[in-house]
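Remarks on the structure that follows.
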Amino acid sequence: PQVIYLKDYQVPEFLIEKTDLRFELQADATLVKARLQIRRNPQSLSKNSALVLQGDKDLVLCRVAVNDQVLAEQDYRRSEESLSINDVPDVFVLETVTEIYPDQNTALEGLYRSDGMYCTQCEAEGFRRITFYLDRPDVMSVFTTTIEADKAAYPVLLSNGNPVASGDADGDRHWVTWEDPFPKPAYLFALVAGDLAFIEDRYVTGSGREVTLQIFAAEKDLDKLDYAMISLKKSMRWDEEVYGREYDLDIYMIVAVDFFNMGAMENKGLNIFNTSCVLAHPETTTDAGFQRVEGVVAHEYFHNWSGNRVTCRDWFQLSLKEGFTVFRDAEFSADMNSRTVKRVEDVSLLRTAQFAEDAGPMAHPIRPASFIEISNFYTMTIYEKGAEVVRMIHTLLGAENFRKGSDLYFERHDGQAVTTDDFVQAMEDASGIDLSQFRLWYSQAGTPVIDVSDEYDASQQIYTLILKQRCPATPGQSEKAPFHIPVSVGLLGKSGQDMMLSNGETTQVLELKEAEQRFSFTEIEEKPIPSLLRSFSAPVKLHYGYQRDDLVFLMSHDSDGFNRWEAAQKLGVDILQELIGEYQAGNELVLDNRLTAAYRAVLTDLSLDQAMVSKVLTLPTEAYLSELSDIIDVDAIHAVREFVIKTLAEALSSELIAVYDRCNVSEKYAPDATSIARRALKNLALSYLMKTGKPEQLERALTQFQDADNMTDSMAALALVVHSPYAKAAEVILEQFYLRWKNEPLVVNQWLSVQASNPSKGALNTVKQLMQHESFNMRNPNKVRSLISGFSSLNPVNFHAMDGSGYRFLADQIIELNNLNPQIASRLVTPLTRWKRYPADRQGMMREELQRIMDSGELSRDVFEVVSKSLA
Ligand code: HT7
Ligand code: ZN
């Protein structure tokens, strides 16, 4: 397959001013009639080139006409992926009629069917599976769309913009025409046709315009849409208040579909959502699920400005919209809930998944220089690291300048398709702050490492921090220039107070630009304990030789909530890593009682931010410990972490029971920050108590399971019992749970996932059996993610079984999915791409499976790219 390079970018040779589409939805095929008003792009240098439209190989071309003249076959050329027409005028109308087969579309790109309804997914390059088009984001056109379908089967017909006309047609059919006044790239096109119910509300914008809000779903899910509606209205208000951005159309629609490759899609005026990111009800949705709905609704809404009004010039600029929008949705969620908890969750994800990506064969900068298949670049790096880069700009400029920068960006580029550099330029121009070196964050991959040491001169009262930065090599980038890194620090005195720093504040942002740099603080009366990288001010790995006592001290005194948690994590990592060494040496394990004492203090201190207590008391995860390992010893990590949890649980059982009882209040479910914190702490206490192996704790979990009136408590108890040695009890409640929820697919997905992630022996056999279960469907990505990724990503001890069975199983599924759904198949490869991080025997088996996939026949571009880069 061909590699596409950023350096080869050229402006489009033709532009499409107007796009008129007519969809005739028939029983087994859909007719797509396109009428495109095209003109040569005056900015293009190639003056007489042919018109080349992208079009998938499965499109059946029925008719082509230029200015109403039907072309004969010799007048155009059809290749696997395009349609070329020579000798076109400078301005003309192109008509095509194409036949497509949504029922056969299992890739879920383009127009496809989800549970009987029609829907589309056009980002990144799905529109070319619908009709021939200039399918690139810098070709922006005004769309008019008419949909005609059977009236009884598809009473709801939706597309982008406003409905402008409708009527009945022959044969019990009807039609609706939609007009979207905002020029947009084809990737933002959407169509939905189905038998859908909806809820409706209205929103009045700051300037007094009324917007109709509609959320569509299957009739049976109508009672699960309120939270998305509340979230949407909050997002609209927040974007006005924080960014000065108003919504621009008269109607905003969201549609829930069950077959969807990702979380949601920001199509102009017609968002399409995975049901998992829009449906929410206390009985069927966990707290995490509610928060996901709030965050994803906000994310897609915010795209209306950061993505739709100002879009990407080409797909190398993907992080322009995704990084910025993730930053915006993270700030929104922080404002709606606990800011520190949100930061901890985001950083945890970044440090496990994104750092691992940066250390693997698919590592890429947030603005990649090349790709084979763009779908492979909807990554943690583009999204999460991209958001961290925007956050660093915010930190360097300050809130006020950042807002000036975003105003300038939106004003300067409204209606345009632009680059990440345009974004940085606007930030620079508005603030007057030099970001030239900072731009390296966009072009250099890898996670920088900062080694910190310090000196204290008591006679001069000067404290100095010495920061040294380096960045490991990544594919194609062996040498890196120093980054411009904002390192936020505070200094704590012996009594735990924050010292005043030279900027007159207690926190200061050090701007690290050199490979090595010294930062001195004057009038420091005693040797401080530094609080480094407060709020995780940069996506880096920072090393400083903290003593365990320092970390215990920071856990209770740091004024930065994030760094209190970070101190607990560092303490946990230090202790666990030492014990992993002991385990590997075959020595007896003894837990440092400073961890027990620190945990006891946190458990019993009611003055602490309750939202943070469960976070602080959660040991570093197996995934994070793996990421920190040079060579990952899956079994040692699992065994040691289990040992520490059990030891803590036994030592702290009375405190844990007290916490459980205090938090186990019966009140009407609400997904607010305080109640979420209480449930999180209660379920954390239960998770420790279960590890004591005492029968009364099993009883506690079973009682919670039976009495729960919300899915958070019910699912937590179910998972704890299933992941415990009480196999019989697990079997009983798994059966009971399924019988109760078998008609709620999203709940069943969690039921699948709990079993797939069970660390006990035999999980792979269970997964194989569940693949035959009535609830499983290989064509539904949510099922695949729950069961197959649940096993390969959340069940390290079984996935990495020494007989290679986990690897073999995963490779078999990838080979099967490669034909059905390449995007999903390619995402499943991720755990195998990490093979170099494991001991030699496992490396060999993982590599063998990658090779088997490679040799398995014709691979999709998606799978080929990831597998070939992993084997290189
Ligand atoms: N912008 C959306 C991307 C997306 C997508 C990409 C590839 C294949 C399927 C997809 N579904 C949605 C999602 C977002 O970031 O908002
Ligand atoms: Zn997005």
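The values are calculated or read from the model by the stated rules, or taken from the named source; none is laboratory data. No experiment lies behind these values; they were computed from the predicted model shown. Heads up, the Cβs are rebuilt from the backbone with ideal geometry, glycines too, and the neighbour counts pull from every protein chain shown. Accessible surface is based on the protein model in full, side chains and every heavy atom, while ligands, DNA and RNA are left aside. Shrake-Rupley method; radii C 1.70, N 1.55, O 1.52, S 1.80 Å.
Would you check if Phe377 is outside the structural domain of Glu81 (by TED's automatic domain parsing), over 16 Å from the mean Cα position of the chain (by Cα) and either away from ligand 2 (no atom under 16 Å from the Cβ) or open to solvent by less than 20 Å² (accessible area, probe 1.4 Å) (or both)?
Answer is no for this residue.
Would the range 605-621 turn up any residue that is within 22 Å of Gly693 (Cα to Cα) and either at pLDDT below 95 or open to solvent by 30 Å² or more (accessible area, probe 1.4 Å) (or both)?
Among the residues of the range 605-621, at least one is within 22 Å of Gly693 (Cα to Cα) and either at pLDDT below 95 or open to solvent by 30 Å² or more (accessible area, probe 1.4 Å) (or both), which makes the answer yes.
Applying the selection to the range 706-717, what residues are surrounded by fewer than 21 Cβ atoms within 10 Å (Cβ to Cβ) and either part of a helix (DSSP H, G or I) or out of contact with any Pro (no Cβ under 9 Å at 6 or more places or on another chain) (or both)?
Gln706, Asp707, Ala708
When you check Val296 against the structure, is it over 16 Å from the mean Cα position of the chain (by Cα), within 13 Å of ligand 1 (Cβ to nearest atom) and closer than 20 Å to Asn780 by Cβ, yes or no? Walk me through how you get there before you give the answer.
Working: over 16 Å from the mean Cα position of the chain (by Cα): no; within 13 Å of ligand 1 (Cβ to nearest atom): yes; closer than 20 Å to Asn780 by Cβ: yes.
No: the conditions fail for Val296.
Looking for something within 16 Å of ligand 2 (Cβ to nearest atom) and hydroxyl-bearing (Ser, Thr, Tyr) - is there at least one such residue anywhere in the range 314-321?
The answer is yes; a qualifying residue exists.
Which of the residues that make up the range 313-349 are among the polar types (S, T, N, Q) and open to solvent by less than 20 Å² (accessible area, probe 1.4 Å)? Even if it seems obvious, please write down each step before you answer.
Let us first name the residues in the range 313-349 that are among the polar types (S, T, N, Q), namely 317, 319, 325, 333, 337-338, 340, 348.
Within the range 313-349, Gln317, Ser319, Thr325, Ser333 qualify.
For the condition part of a strand (DSSP E or B), away from ligand 2 (no atom under 16 Å from the Cβ) and crowded, with 17+ Cβ neighbours inside 10 Å, what is the one hit in Val255, Val164?
Val255
Would you please name the residue that is nearest to Trp178 (Cα to Cα), looking only at residues in the range 258-288 that are more than 16 Å from ligand 2 (Cβ to nearest atom) and not in a loop (DSSP other than H, G, I, E, B)?
Only one residue fits best here, namely Thr275.
Keeping to the range 311-358, report how many residues are among the aromatic types (Phe, Trp, Tyr) and over 23 Å from Phe423 (Cα atoms).
Number of matching residues: 1.
Need the failing condition index for Thr447 against (1) in a strand (DSSP E or B); (2) more than 24 Å from Ser559 (Cβ to Cβ); (3) open to solvent by less than 50 Å² (accessible area, probe 1.4 Å), just the number.
Thr447 satisfies every listed condition except (1).
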